[in-house]
Amino acid sequence: MSLFSKARILSESGKYDSCGPKACEVNIEKGLGGIYTAKAEHKTCRLFKTLMTNACKFDCKYCQNSNCKNRKTATYKPKELAKLFTHLQKKLDVHGLFLSSAVGGDVDKISEKMIKAVEILRFKYKFRGYIHFKVLPGTSYELIKQASELSNRMSINIEAPNKSALSEVSSCKDYKIDILRRQAWISKLSKSQTTQMIVNKFSSDKDILKMLKWEYEKLKLDRIYFAAFKPVKGTPMENIPAEKESRQNHLYNIDFLIRRYGYSFKEIENVLVNEMLPNEDPKLAMAKANFDKPVDINDLDYEQLIRVPGIGPITAKRILNKNKINSFRELRDLGGSVKRALPFVKIRGQSQRLLTDF
């Protein structure tokens, strides 16, 4: 099998690892996909996302890689992957590598091949750019340590918010030992760690938020990604309906409010209905719960301002720096969304839109 044939198979198989809610494939060469735009170390980065192999012994019921029958499998040799990435770096202006793998055999042997490929990139081809190394469940401490010394970011997919939910989709992984223990190791060895959860019917939003809280507080993760379940033909879960993408996106909204705005989990739990987030913008839902009537925008402190829809941290700081604003037009000029903020704030005693303000 040619190197580009392998690359087509393995980049397609690697598309299920999320780079974010709007990550998108941007370029194709000879039918090769797997090049995505994502945020890496606070910069926009063009990543080549691929698996080392797509042959897998695990029995994850939603994953196409767990069912190796009637489909093509491929495996890179370490030097092949390093050579391919260097080619893509020169020809397609790829800035970084997102390397994961299915588990077709011994976990440590596959991890060793992944590490070898990265070593070739670092030492032979002198690549100093971004590398995201996906740790496989059950990988030994020593290999995780080696990978941490070569990569910029590491992750292991927890897939589910608890042991019970994971058991619904896989019987091969010990949630505490194979996954959470490895996460704890990564948190000590790597400067940056992320993870991913599958959003499906086996977990409530409350389950997910509870685990999200634990991950951020105990393991100091940089980011948690979410992937709405989509049935894949040929898998045991092919007849289960796809999860609504809006649910995934609302979880991303919540994650952003926690990381960037400092929202508490108690605030979020107050708007849950039957352990699920309402089907609307979470910030709007919480504002409806917290503001029983419009309040004067000049009476609000920073923490109150950022809880008003249409006002983010930058706009809140601008409002406070002015000491007082006198019109909705002024709010707009400071970067706020008047349309979103209007139901919750008033200015000069006015809570309705004034034509003279625009």
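Since every read-out is calculated from the coordinates, none of them should be taken as a lab result. Every value quoted in this text rests on a predicted model; they were computed, and no experiment measured them. Glycine gets a Cβ as well: all are built from the backbone with ideal geometry, and neighbour counts include every protein chain shown.
Side notes on the structure shown:
- Dipole check for the stretch 291-357: with +1 at the C-beta of Lys and Arg, -1 at the C-beta of Asp and Glu, and the Cα centre as origin, the magnitude is about 220 Debye.
- Highest GNM mean-square fluctuation among K210, K317, K220, for the chain modelled with Cα contacts below 10 Å: K317.
- Applying a DSSP loop filter and a limit of 13 other Cβ atoms within 10 Å to the trypsin sites (Lys or Arg not before Pro) in the stretch 151-193 leaves K191.
- Rounded to the nearest 10 degrees, the angle from helix 245-256 to the longest Cα principal axis of the chain is 70 degrees.
- Anisotropy class of the stretch 291-357 from Cα gyration tensor, a/c 1.5 cut: rounded
- Computed over the chain, relative contact order equals 11 percent, with contacts defined as Cα pairs under 8 Å that lie 6+ residues apart.
- Point-to-point label distance, V295-E269, nm (Cα→Cβ direction, 7 Å offset): 2.2
- Highest GNM mean-square fluctuation among L320, L143, L121, for the chain modelled with Cα contacts below 10 Å: L320.
- Using alpha-carbon coordinates, inclination of helix 3-13 to the longest axis of the chain, degrees: 40
- Degrees between helix 107-119 axis and first principal axis of the chain (Cα, 0 to 90, nearest 10): 80
- Ordering M237, G262, L209 by Cα displacement along the dipole of the stretch 200-358 toward the positive end leaves G262 in first place; charges were set at the Cβ atoms of Lys, Arg (+1) and Asp, Glu (-1).
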